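Comments concern the structure below.
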Amino acid sequence: MSARVTWSAPSNIAFIKYWGTKDTERVLPYHASISMSLEVCRSTTTVEVAPGLAEDEIWWLEGGRRTPATGTFRAKAAKHLDTLRRELGRSERLRVATSNSFPSSAGLASSASGFATLAIAVSRAFGLALEPGPLSVLARLSGSGSAARSVLGGYVEWPAGPRGSDGWIAPLATAEDWPLANVIAILETGAKEVSSLDGHRRAPTSPYFEHRRALVPERLATVRQAIAARDFDALATMLELDAIDLHVIAMTSVPPIFYWNPATLAVLEAVRHLRRDGVSAAATMDAGANVHVLCPAAAAEAVAAQLATVPGVQALIRDRVGSGPRPEDLDLLETPT
Ligand code: DP6
């Protein structure tokens, strides 16, 4: 009998960033990273084991329609399916349909949630209920290291590994423990010019790479402590420092990478104004221009109202810390084509 399952998994935003890949084969970082899993931004994937197929069927859903995946998206998903089969010791072909809760045009990386949900749904379709540790390895073998952190909810650490456990992720706190909000300012909607993959490759060419690497252990300790103590101010300082350092490294890599645009600086300025007015808020950016503004849940309204006035902000996504992957009572393979 062929099993059909649907799971969703969250996107995540890093507080201490993964930037630079030490082992590209196993997708292992130079140092640990810490992130918060989101609730609203997530990917949902239906997988069916279909031994009769000549090749994997991969569908993409948008605007209520199901269309065959094409181009880079298909190539990456197909490669990950091969990796998952190899790692799980299986050979059957698969039918897959996947969708994101946020528009693909929002310019938000969907690879973390997309590859995490693929790893979970494929292993479930094969009848395996894997622990988050081995699932995180399957997720990151997609090439998207940050996908490792999307197999858990709440606040998550991805250790540098292998240390016997091959860099298994570890939960630091649940969403209920500390209900932070994340207001995402969408400033750019196209695909980024330089992929994270290239950014990771170039990172060690920056003269600041080793400098940040030396600072990371202390930053990780501060963020772990801030999460344990629900100390927003301590988190805010570290999170902004580390985000800016990632971009300093990108801008000083050879050749340099500029992810920010003028609106990025305008949002950073607005966040400083919010703080001056007594609103707790802190900004972080991944490898792109968009800004994630973290704040206590009670401040989200004020943060969103302020960000909406910043020129260059095209849209806001009101997100928050989420509880992680879950089975969904849906069948995306039934969506009309
Ligand atoms: C800047 O290699 O996981 O977001 O596959 O594009 O999602 P994608 O990137 P990945 O690198 C993520 C880099 C980062 C920082 C982070 O999430 O830790």
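Data table
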{"quantity": "Scan of the range 278-290 for residues that are over 14 Å from the mean Cα position of the chain (by Cα) and open to solvent by less than 40 Å² (accessible area, probe 1.4 Å), ordered by number", "calculated": "Val279, Ala281, Ala282, Ala283, Ala289"}
{"quantity": "One residue from Leu94, Leu81, Leu61 being over 20 Å from the mean Cα position of the chain (by Cα) and not charged (D, E, K, R)", "calculated": "Leu94"}
{"quantity": "Check on Ile249, within 18 Å of Ala160 (Cβ to Cβ), within 13 Å of the ligand (Cβ to nearest atom) and not acidic (Asp, Glu)", "calculated": "yes"}
{"quantity": "Matching entry among Ser146, Ser136, Ser150 (being within 13 Å of the ligand (Cβ to nearest atom), of a type in the set (S, T, N, Q), open to solvent by 10 Å² or more (accessible area, probe 1.4 Å) and touching a helix residue (DSSP H, G or I) at 6+ places or on another chain (Cβ under 6 Å))", "calculated": "Ser146"}
{"quantity": "Residue match in the range 166-182 (condition: at pLDDT below 95 and out of contact with any Pro (no Cβ under 8 Å at 6 or more places or on another chain))", "calculated": "yes"}
{"quantity": "Where Leu239 falls short, out of the listed (1) in contact with an Asp or Glu (Cβ under 8 Å, 6 or more places away or on another chain); (2) modelled with pLDDT of 95 or more", "calculated": "(1)"}
{"quantity": "Condition met for Tyr208 (more than 20 Å from Ala32 (Cβ to Cβ), out of contact with any strand residue (DSSP E or B) (no Cβ under 7 Å at 6 or more places or on another chain), among the aromatic types (Phe, Trp, Tyr) and surrounded by 14 or more Cβ atoms within 10 Å (Cβ to Cβ))", "calculated": "no"}
{"quantity": "Only listed residue being surrounded by fewer than 22 Cβ atoms within 10 Å (Cβ to Cβ), small (Gly, Ala, Ser) and free of Cβ contacts under 8 Å to residues at least 24 places away in the same chain, chosen from Ala170, Ala181", "calculated": "Ala170"}
{"quantity": "Glu176 vs. criteria away from the ligand (no atom under 12 Å from the Cβ) and farther than 16 Å from Ala9 by Cβ", "calculated": "yes"}
{"quantity": "Strands (runs of 3 or more DSSP E) (entirely within the range 1-116) containing at least 3 residues that are open to solvent by 20 Å² or more (accessible area, probe 1.4 Å) and away from the ligand (no atom under 16 Å from the Cβ)", "calculated": "4-16, 33-49, 57-62, 65-68"}
{"quantity": "Residue ID - nearest to the ligand (Cβ to nearest atom), chosen from residues in the range 117-133 that are open to solvent by 30 Å² or more (accessible area, probe 1.4 Å) and touching a residue at least 60 places away in the same chain (Cβ under 8 Å)", "calculated": "Arg124"}
{"quantity": "Some residue of the range 192-212 being away from the ligand (no atom under 13 Å from the Cβ), within 27 Å of Leu274 (Cβ to Cβ) and touching a helix residue (DSSP H, G or I) at 6+ places or on another chain (Cβ under 6 Å)", "calculated": "no"}
{"quantity": "Residues of the range 216-237 that turn out to be open to solvent by less than 60 Å² (accessible area, probe 1.4 Å) and more than 17 Å from Trp178 (Cα to Cα), as a count", "calculated": "4"}
{"quantity": "Residue match in the range 297-309 (condition: under 19 Å from Thr189 (Cβ atoms), buried (at least 18 other Cβ atoms within 10 Å of the Cβ), within 16 Å of the ligand (Cβ to nearest atom) and touching a residue at least 60 places away in the same chain (Cβ under 8 Å))", "calculated": "no"}
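The values are calculated or read from the model by the stated rules, or taken from the named source; none is laboratory data. For clarity, every value in this text was computed on a predicted model and none was experimentally measured. Quick reminder, even Gly has a Cβ in these numbers, built from the backbone with ideal geometry, and neighbours come from all protein chains shown. We work out accessible area using only protein heavy atoms, side chains counted, and drop any ligands, DNA or RNA first. Shrake-Rupley method; radii C 1.70, N 1.55, O 1.52, S 1.80 Å.
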